[in-house]
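Chemist: Below are the structure tokens for one structure; questions will follow.
Values in this text are rule-based calculations from the coordinates and carry no lab data. Everything numeric in this text was worked out from a predicted model, so none of it was measured. Glycine also receives a Cβ, built like all others from the backbone with ideal geometry; neighbour counts cover every protein chain displayed.
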Amino acid sequence: MQRLEKLYEGKAKVLYSTDDPDLLIQYFKDEATAFDGKKKGIIQQKGVLNNKISSRIFRYLEGKGIKTHFVDMPTEREMVVKRLKIIPIEVVVRNIAAGSLSKRMGVEEGTPLKETIIEFYYKSDPLGDPMINEYHIRAFGLAGEKELREMEASALKVNRILSEFFLERGIILVDFKLEFGTHKGQVLLGDEVTPDGCRLWDKDTKEKMDKDRFRRDLGNVEEAYREVLKKVME
Ligand code: TMP
């Protein structure tokens, strides 16, 4: 399958059309951004590592009954996916306080939560992805009620599946971000599931194995992504 026309270039990936109108190719780049693109850099081989990590996770989730856009990984930087009509909402799932939640609530990173938290953010680069709630989603028609309930159920199920998956490999799934879209009327998990959009901590040392190493200049970013790939392939 060939890449044809470039449809969209994002911060970490490029989307291309193919000769099949139902399928697109996601091309994974090495570019990394943080803080709404204010911080920019390159993580060597990130595109290859993230494509492999995400493909492995999508295949695993499909095997557990989660509907995703994943079709195939034909090359190291390319993923064939179903064409989605994107739902402009980022769904964040949190098991442990970290990042913006720690800041907003004034609690130390690593504070356990009594219950899993789901948050919604409006996907808009110019606005810096503001946090929204279900009322905003309905009032602005960002998603229908049925889509919203399906996204929520899928996000919670993905959390249960991946928390166990990572823990079996010595990694704590602290929080993560998912994106969804519709394809032929079905809500599918889209985008990617990689250390760019997840917080992953070593179970024993609590060492960070995700994009926080880049955001916070902790060093050994590529090494951490490589270690995540090794673990998810086990
Ligand atoms: P946060 O603590 O910065 O709100 O991030 C929560 C989780 O969502 C974390 O795993 C990183 C991920 N995330 C993204 O993938 N993209 C984003 O734009 C943001 C803000 C967070």
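Chemist: Considering the options Val221, Leu189, Leu200, tell which one lies farthest towards the positive end of the dipole of segment 182-234, charges being +1 on Lys and Arg and -1 on Asp and Glu at the Cβ, about the Cα centre.
Modeler: Checked the options; the winner is Leu189.
Chemist: Whole-Å semi-axes of segment 1-123's equivalent ellipsoid, largest first, each the root of 5 times a Cα gyration tensor eigenvalue? Don't jump to the answer; show the numbers that get you there.
Modeler: On the way: eigenvalues 178, 66, 41 Å².
The three semi-axes for segment 1-123 are 30, 18, 14 Å.
Chemist: When the dipole is taken about the Cα centre of the chain, and only Lys, Arg (+1) and Asp, Glu (-1) are charged at their Cβ, what size is it in debye, to the nearest 20? Could you put the intermediate results ahead of the total?
Modeler: Details: 42 positive and 41 negative charges, 20 e Å.
Roughly 100 debye for the chain.
Chemist: Restricting attention to segment 126-194, which trypsin sites (Lys or Arg not before Pro) occupy a DSSP loop and are surrounded by at most 10 other Cβ atoms within 10 Å? All intermediate terms of the calculation are to be shown ahead of the outcome.
Modeler: On the way: sites: Arg138, Lys146, Arg149, Lys157, Arg160, Arg169, Lys177, Lys184; in loops: Arg169, Lys184.
Listed in order of number, the matching sites are Lys184.
Chemist: Continuing with the same structure: Can you list, bin by bin at 5 Å, the percent of alpha carbon pairs in the chain, starting at 0?
Modeler: Each 5 Å bin holds this share of Cα pairs: 1, 6, 14, 19, 21, 20, 13, 5, 2, 0, 0.
Chemist: I've got another one for you. What full-extension length gain, to one decimal in nm, is calculated for Leu167 and Met233 as 0.36 nm per residue of separation minus the Cα-Cα distance?
Modeler: Numbers: separation 66, 0.36 × 66 = 23.76 nm, distance 1.36 nm.
Value of the extension gain: 22.4 nm.
Chemist: Tell me, Kirkwood radius of segment 144-234 from alpha-carbon pair distances, in Å? Intermediate results must be reported in sequence, preceding the final value.
Modeler: Values: mean 1/r = 0.0704 Å⁻¹.
When all Cα pairs of segment 144-234 are included, the Kirkwood radius is 14.2 Å.
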